[in-house]
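The values are calculated or read from the model by the stated rules, or taken from the named source; none is laboratory data. Just so you know, these numbers come straight off a predicted model, no measurement behind them. In this analysis, Cβ positions are derived from the backbone assuming ideal geometry, glycine residues included, and neighbour counts consider all displayed protein chains. The area values use the complete protein model at the heavy-atom level, side chains included, leaving out ligands, DNA and RNA. Shrake-Rupley method; radii C 1.70, N 1.55, O 1.52, S 1.80 Å.
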Amino acid sequence: MEENVSIEFGQSVPQQLFSLSDEEFLQTIQWKSKRAGELCKAAQAGDVNRFSRALCTHLKEVSKQKKQGKHAAEMLWASLWSEEAEEGTSRSSDLISLVKSGIELSNKSSKASKKEKRKKSPELSWDEVSRLLVVWLDQVTITDPLRPYELLLLTELLENVGFRLAPSTLVRVWRHSLFAAASLCFNLEETDFSEISEDQIILVSAELPWRSGFLYSEISGAKNFRQLGQQNLRDCFFDRTDTDGTPHADILPRLDFWLAALTRSLFIGRVWGKSVWDQEAQDRFQWLVETLVSAYACSGKMALCSNHTVAHHDLLTLATYFSDLGGRSVERLYLKSLDSGKKNPRFFIQSDERPSNQSDWSEWAVLRNYWSDASNLLVVTWNGDLPVLSLSAMGKLLFEGCWDFSLTVDGKAISGDGDWSTLCWNSDEDADYLELQMDLDSGYKLERQILLPRNQHFAFLSDIVTGTETANMEYRSMVPVAPGMTSSLNGETHELMLKTKGLSARVFPIGLPQERDFFQPGGLKLNDQSQLELHQQAPEANALYAPLIIDWEPELKRKAADWASLTVSEGGKISGRDEASGHRLRIGAHQLLVYRSLKKGETSRAVLGHNTNYESVIGRFDTNGDLSPLLFVE
């Protein structure tokens, strides 16, 4: 062995170290202090047995330390939350199986009953787990080294049950992990992250350095490696969140993996008594968690976020704890109420703050009426070619997916550039409202209105197409309906009913005539792609308004309904349909007015006795016939 061959964090790791014997490898380690502890002395002497005893003692203390504090039990094996984030390989899968065997062994009660001990499939012993780990490590080579997720699994294995492994196995696992961590440290600056997901970036560049720096704290350079991970955690977090903590919509499909890495890192910081970040970052993390809880539906998942290994409820519960949200915060009360153990929990949580949020930078919005088991939740993102929405009505998923459209003008298809922007966001005591816009070909524009009232069970969705030239316009709006929904059409009108267990929603295309007419173009249906397809035409026009009202108020589901398009006038002159559009919907005794200006008027306009200068008006008529506004947009 060459005398100058050594291993430490921040320096090049000679590849010949990989093939050294355990005795030789231990002697190459550069320790941070000459005031050597037992680990260092044993390693310098090349005494593997002595080193394994010292390491076993050290890891037993680490394991004990990790089990202290609230929620420690849930966090011990949190690396498995990211199981599906790793591209499936048989090698990684085998390691996951071994880790799970270790968990079963560590959880095995010494006071198990005789009946429990007579299981038909006996568990592996620690000796067998150790033997299989050695076999598994034989697959790791210089050309096929430990992958980041495998390093995370081995790190957690060492922290939790390393002291239970056979001495020779313990040393092999420890040295392989050290070799991989030191190699990662030296190569981190040159790593190309352009083709990997945000959760993998934070794992490789931040979580692993932060965690390895603690596990190998006595080795030279480990502190700097840990501090690099700490800085990268902050940078990765800030790069993907707005100043109010809202995460960018790009990461929503894998947000649980991303949040898992942050939550694990916060936990490890508490284990070792080191804060991950400063107060500014901690505050932003708390705001992030508040936003994510507001996007968590009663059905059990965060809207528009895939559900992978860890249940969203469990992940959010732990994230709220490590964000330092108070135990009486509305977010923690909401999660606790949903986890009450009751089959159908009933609750309403009073809060002075509205549970809604929107970020232009993050390109997503959370519209929510209140904190309850029967709350309505509408989440929208617009970071792609089409807006994506998710609507949960009284806890039942109603819509989810891309909100598509098609437009033809004089028979020519018109498409958009996919660059959506926010025109308006408003959240008050009456409703949450979002308006989006995208430029289309040939000078056309597409605007979308989304409204969710605070105290009523309906949603309003509309499309507005405007152009500069008069033409024959044909438009289709296609809203994605959740799986399991069935539909039925009213025999005489354009009303459509959507149903699933526990929910009935009536859909009213108020831009169409109420009565069906074979000779009148347009219609509403649930198409073969499970999309709610609204079809409207506007002959000889340069603007089109296509509104939908979706109502799921239980008390109104059997009430008679009718609607009509209204006459809009300006200065005593009737406005054209491509200048302004007004509509009235009546369900039982409830009446709703919808008005939209498609061209700016010179004076105020009148619709159903209501005079307005606003661009958009949505409101209900009270028992005296006065308009109670839900929305005014200038």
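Data overview
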read-out	value
Crossing angle, helix 90-107 versus the chain [Cα axis fit, 0-90 degrees, rounded to tens]	80 degrees
If the convex hull is drawn through the Cα atoms of the range 280-348, its volume per residue in Å³	95 Å³
Ranking by accessible area, most exposed first, for W420, W31 with a 1.4 Å probe	W31, W420
Environment charge of S337, counting only residues whose C-beta is closer than 12 Å and scoring Lys/Arg +1, Asp/Glu -1	+1
Nearby aspartates and glutamates by direct alpha-carbon distance to K66 (threshold 16 angstrom, same-chain neighbours under 8 apart not counted)	E74, E156, E159
R131 - accessible surface, heavy atoms, 1.4 Å probe, Å² rounded to 10	120 Å²
T623, T28, reordered so the largest accessible area comes first (probe 1.4 Å)	T623, T28
Distant-in-sequence amide H partners of I7 (H built 1.01 Å from N, under 5 Å)	I29, Q30
Heavy atoms of E38: accessible area, 1.4 Å probe, square angstrom to 10	90 Å²
Where labels lie 7 Å past Cα in the beta-carbon direction, separation of R328 and Q279 in nm	2.3 nm
Distance in nm between pseudo-label sites at T143 and S406 (7 Å out along the Cβ direction from Cα)	5.3 nm
F18 paired with T623, simple spin-label distance in nm, labels 7 Å along Cα-to-beta-carbon	8.1 nm
Cβ-derived FRET efficiency at R0 25 Å, E515 paired with A413, nearest 0.05	0.25
Cβ-derived FRET efficiency at R0 41 Å, F193 paired with D562, nearest 0.05	0.10
Kirkwood Rh and Cα Rg combined as Rg/Rh, the chain	1.09
Computed E for F186/T422 - FRET, C-beta separation, R0 60 angstrom, nearest 0.05	0.85
Difference of contour (0.36 nm per residue) and Cα-Cα distance, E218 to Q68	51.7 nm
19 Å Cα-Cα threshold exceeded, pairs from K67/K108; K501/K557; K70/K100	K70/K100
Which of H457, H58 is most accessible, then next, and so on - probe 1.4 Å	H58, H457
Length added when fully stretched, W126-N472, from 0.36 nm per residue minus Cα-Cα	116.9 nm
